[in-house]
1. When only residues in region 224-248 that are surrounded by fewer than 13 Cβ atoms within 10 Å (Cβ to Cβ) and of a type in the set (Asp, Glu) count, which is modelled with the lowest pLDDT?
2. Restricting to region 87-104, name every residue that is open to solvent by less than 20 Å² (accessible area, probe 1.4 Å), closer than 26 Å to residue 418 by Cα and either among the aliphatic types (A, V, I, L, M) or more than 9 Å from the ligand (Cβ to nearest atom) (or both).
3. Please find, within region 297-313, the residue that is farthest from the ligand (Cβ to nearest atom) out of those that are closer than 30 Å to residue 419 by Cβ and touching a helix residue (DSSP H, G or I) at 6+ places or on another chain (Cβ under 7 Å).
4. Please pick out the residue among 159, 80, 152 that is closer than 30 Å to residue 290 by Cβ, away from the ligand (no atom under 16 Å from the Cβ) and not in a strand (DSSP E or B).
5. Specify the residue that is modelled with the highest pLDDT; the eligible residues are those in region 105-127 that are surrounded by fewer than 24 Cβ atoms within 10 Å (Cβ to Cβ) and in contact with a strand residue (DSSP E or B) (Cβ under 7 Å, 6 or more places away or on another chain).
6. Specify which of the listed residues (551, 489, 482, 523) is in a helix (DSSP H, G or I), touching a Ser or Thr at 6+ places or on another chain (Cβ under 9 Å), touching a residue at least 40 places away in the same chain (Cβ under 8 Å) and of a type in the set (Asp, Glu).
7. Before we move on, is residue 136 surrounded by fewer than 18 Cβ atoms within 10 Å (Cβ to Cβ), on the phi > 0 side of the Ramachandran plot and not aromatic (Phe, Trp, Tyr)?
8. Can you pull out the residues in region 1-48 that are open to solvent by 60 Å² or more (accessible area, probe 1.4 Å) and closer than 20 Å to residue 474 by Cα?
Amino acid sequence: MIRDKIKKLLKEITGKEAKVEHPEDTRHGDYSTNIAMRTGLDAKEIVKKIENNPMFEKVEVAPPGFINFWIDKKELERLFLELIERGPKIFQKKPEKKETIVIEYSSPNIAKPLGVHHLRSTIIGQALVNILRFIGHKVVSLSFPGDWGTQFGFLIAAFKRWGNREKLRRNPIPEMLDLYVRFSQAAKKDPKLIEEGREEFKKLEEGDRENRKIWKWFLEESLEDFNQVYKLLGVKIEHTIGESFYEPELKPLVKDALKRDVAKRGRDGSIVIQIPGSPTPEIIQKSDGATIYTTRELAAIRHRLKKWRATKILYVAANQQTFHLKQVFGTAQRLGIAKLEQLGHVKFGMMLTSGGKKFATREGRLIPLKEVLAEAIQRAKKIVDELNPSLPEELKESIARDVGVGAVKFFDLSHNRLVDIIFDWDKMLNLKGFSAPYIQYTHARLSSILRKAKFRNKRNPRLTISHPLEKEIMVVVLRFGEIVRDAGETYFPNKLANYLYELANTLNVFYETLPVLKAKNKERESRLNLVFGAKEILKTGLNLLGISAPEKM
Ligand code: ARG
């Protein structure tokens, strides 16, 4: 990678790790560094030592002390030809330290519909799985559904009172949700119900046959429902290990913590752990002897680290989970289950509707994700119908799925994940904007150029660069590896989304300015090669974000 080479050169000269960036303004070179200012060295002296390196066309000092680099055409051509011959895998350099990373994402709650925060977690999580794998780490993809806890006692109690098997089978999630809501409301008037619910959960914990059967049925129906959404999203989660899996390990875990004197019994009988640096002790067992969410989290950490010999666990979970996870991480550290630096919370903000409100219908109900995706596909179909009316209907439908689902995903991934975002159909589907359809369309246009030219990826491809725009394409395309690594190492997929937009913009200027199909001989061959290399990168980048790149649009 070009940036690595420049960093290495600078390290040899200055002895320091340099920050090398790509300036937004191309007049400041292809790459630039502030190392001279940071180290107090003379920029001119540094430049003297590298300006004759054949890798650069030009190296300049710019006030107040930046060093700007222009990469030599020969070097760019050499690397670009390598891309054409060997494909995007040339960017898959071994990482300095290979990690085994468990990424926990999606993690919906059983018997409830997937919420918008689950959508975000699923989309961001899957993108990080793909990206971290691409940059050479071993990644375990995992969901941790909420399938245990007192609320299941309430649900079972409600089902025994008012449940209807037939209705539930036909429409499982809304039916379960209704039962739950009805129970909560009734319990407000009649607190005896709470006791009844607790009793049912206790029976469930103790292995009561009937309650286990009902619980298992709810679980299966829910997972089936989630899988439909995952399928629609093209998401593959390798392992699904819910909270209930850890039930048998909880009591021994608490006992052990007490024995080792890490946990203490409080005055009310609850069992708590003090976390260094946190004013709030964490409860791992309630006064009535019931274990809680945190206890299951701890057992899960221990299990994951051991089962996959993981070096890290990442939690792709909403900002709202910050306090909870911090407490869990601190407790895990205290118990010697994990080191703090092995546990990371990859947070994200909320998705709001245009009025800045929570994502819900007017009646306050969650909008089912299936409906959102169905609408996205329907809107995308209109775009495809307009762009390419003569395509066969079936193909148009499959393109509409790629574009509609891609639009929703890209919209999410193109934002800095930490901030709240406002759901906006027009932005999401804008063919000329910062959107998946725009990038997909650019990709489809490149595909169409290659089809018309009957392009074949030949051995010994050639490049003959005659225009600055061609050089620009090469520079941008060849930055791909650096970008994916940055996105992966910082867990910010929007870095890749931004880059793909920039690449698409550069490509649009390129083919609107320079003839490709109508160019002559060597120039035509060379431009087709550029188109081919760039198209491969657009496609690989979209795929890493979990987005398809259809050949036609
Ligand atoms: N089940 C939770 C929810 O639906 C998300 C869980 C996040 N993961 C975790 N290990 N706490 O909101």
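The values are calculated or read from the model by the stated rules, or taken from the named source; none is laboratory data. Source: prediction; values computed, not measured. Cβ placement follows ideal geometry from the backbone for every residue including glycine, while neighbour counts extend to all protein chains displayed. Just so you know, the surface numbers come from the protein's heavy atoms only, side chains and all, with ligands and any DNA or RNA stripped out. Shrake-Rupley method; radii C 1.70, N 1.55, O 1.52, S 1.80 Å.
1. Filtering region 224-248 for residues that are surrounded by fewer than 13 Cβ atoms within 10 Å (Cβ to Cβ) and of a type in the set (Asp, Glu), the one modelled with the lowest pLDDT comes out as 224.
2. The answer is 101, 102, 103.
3. The qualifying residue farthest from the ligand (Cβ to nearest atom) is 311.
4. Exactly one of 159, 80, 152 is closer than 30 Å to residue 290 by Cβ, away from the ligand (no atom under 16 Å from the Cβ) and not in a strand (DSSP E or B), namely 159.
5. Only one residue fits best here, namely 107.
6. Only one candidate qualifies: 523.
7. On the way: surrounded by fewer than 18 Cβ atoms within 10 Å (Cβ to Cβ): yes; on the phi > 0 side of the Ramachandran plot: yes; not aromatic (Phe, Trp, Tyr): yes.
When the stated conditions are applied, residue 136 passes them.
8. 5, 21, 24, 26, 27, 28, listed by residue number.
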